[in-house]
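All remarks here apply to the structure that follows.
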């Protein structure tokens, strides 16, 4: 996610974390990541394990970039 286009897309998704599409995308990435972790446990070929680990790492990074508290839960620093 080093290029500008992917960062801009993530920023756009983060702007509205209460959006239904955002929540479904986050849930899909979480589910896919769990599926890949399950596949790693069943795989015997080390090249395939490394490939799956790379995929899992990429999804983990994407999920970390997407996770954000809803705007109403964020502390703004004001005296409210």
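Read the figures in this text as sums done on the coordinates, not as results from a lab. All values derive from a computational prediction rather than experimental measurement. Using ideal geometry, Cβ is built from the backbone for each residue, glycine included, and neighbour counts are taken over all protein chains shown.
Length gained on full extension, residue 25 to residue 55, computed as 0.36 nm times the residue gap minus the Cα-Cα distance: 9.1 nm. Taking the average, over residues, of other Cβ atoms within 10 Å as the packing measure, peptides 41-47, 7-13 rank 7-13, 41-47 from highest down.
When a/c is below 1.5 the answer is rounded, else prolate if a/b is larger than b/c, else oblate, so apply that to the range 1-53 with a ≥ b ≥ c taken from the square roots of the Cα gyration tensor eigenvalues. Because a/c hits 1.5 or more and a/b fails to exceed b/c, the range 1-53 counts as oblate. Subtracting the Cα-Cα distance of residue 63 and residue 7 from their residue separation scaled by 0.36 nm leaves 18.9 nm.
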